[in-house]
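All remarks here apply to the structure that follows.
The values are calculated or read from the model by the stated rules, or taken from the named source; none is laboratory data. Keep in mind it's a predicted model, so treat the numbers as computed, not measured. Don't worry about glycine lacking a Cβ; one is built from the backbone with ideal geometry, like all the others, and counts go over all protein chains shown. We work out accessible area using only protein heavy atoms, side chains counted, and drop any ligands, DNA or RNA first. Shrake-Rupley method; radii C 1.70, N 1.55, O 1.52, S 1.80 Å.
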Amino acid sequence: MESSLSVSTRDLNSFIGITSRIDWLTKESSKLESNFYIIKDAYELARTAHKNRFRQTGRSYFVHPTELALLIYSKGFGIEVVTASLLHDTIEDTAVTFEEIKSLFGSRIANLVLTVHRLRHITQNPRWVNKCNDQLAIVVKLCDRLVNLRDLYGLSFERRIRIAKETLLFFVPIAQQLGLPEIAPK
């Protein structure tokens with residue numbers, strides 16, 4: 001993965017827009033639930049954990065979990081699911097551990113993050129979906145794929161084709177089976 005310290009104006013504006021929406025999300029969530037600060041803490045942990053990491057597109061990696069959290073929130077899911085979506089890649093890609101997440105955010109959020117992590121190879125073993133008892137983890141994984149599809153332009157043509165086929169073969173049917181056609185990537 002290529003690391004780039006130069007940031008384009010488009011990426012900077014995108015990041016600024018996302019962080020301002022996270023601030024809005026934090027304020028909105030305070031109206032809905034008394035423990036909204038959890039989102040802000042998860043945001044800070046994810047931001048720190050993904051510091052100096054870049055996607056193949058050159059964008060800061062941290063943009064990805066914030067976009068996912070905003071999508072999850074826009075679909076009406078609660079604080080725990082939004083928090084888990086911010087942290088969904090920390091166990092896999094950073095030094096943050098399951099135990100750290102559990103001590104900071106509780107068992108429910110930590111288990112949701114761990115289950116999403118375990119679903120990372122869903123296309124290689126689709127039976128994982130049937131074994132997964134946590135439909136919220138599946139929803140986070142589906143939304144994760146949708147957000148990832150928006151960043152395909154940084155990948156090789158062959159990889160984009162492979163990801164598109166996986167999406168059509170595995171993710172779209174799962175979304176439809178769960179009655180979530182609006183999450184099924186188009």
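If a residue has to be of a type outside the set (A, V, I, L, M, F, W, C), open to solvent by 50 Å² or more (accessible area, probe 1.4 Å) and in contact (Cβ under 8 Å) with a residue 24 or more places away in the chain to count, how many in the stretch 80-99 make the cut?
Adding up the residues that qualify gives 3.
Would you mind stating whether residue 77 is open to solvent by 20 Å² or more (accessible area, probe 1.4 Å), over 30 Å from residue 165 (Cβ atoms), aromatic (Phe, Trp, Tyr) and in contact with a Leu (Cβ under 9 Å, 6 or more places away or on another chain)?
It is false that residue 77 is open to solvent by 20 Å² or more (accessible area, probe 1.4 Å), over 30 Å from residue 165 (Cβ atoms), aromatic (Phe, Trp, Tyr) and in contact with a Leu (Cβ under 9 Å, 6 or more places away or on another chain).
Consider residue 134 carefully, then state whether it is at pLDDT below 90, more than 26 Å from residue 56 (Cβ to Cβ) and open to solvent by less than 50 Å² (accessible area, probe 1.4 Å).
yes
Taking the conditions exactly as written (in contact with an Asp or Glu (Cβ under 8 Å, 6 or more places away or on another chain), part of a helix (DSSP H, G or I) and either over 25 Å from residue 160 (Cα atoms) or among the polar types (S, T, N, Q) (or both)), does residue 68 satisfy them or not? Before you say what the answer is, go through the steps one by one.
Details: in contact with an Asp or Glu (Cβ under 8 Å, 6 or more places away or on another chain): yes; part of a helix (DSSP H, G or I): yes; either over 25 Å from residue 160 (Cα atoms) or among the polar types (S, T, N, Q) (or both): no.
Considered against the rule, which asks whether it is in contact with an Asp or Glu (Cβ under 8 Å, 6 or more places away or on another chain), part of a helix (DSSP H, G or I) and either over 25 Å from residue 160 (Cα atoms) or among the polar types (S, T, N, Q) (or both), residue 68 comes out as no.
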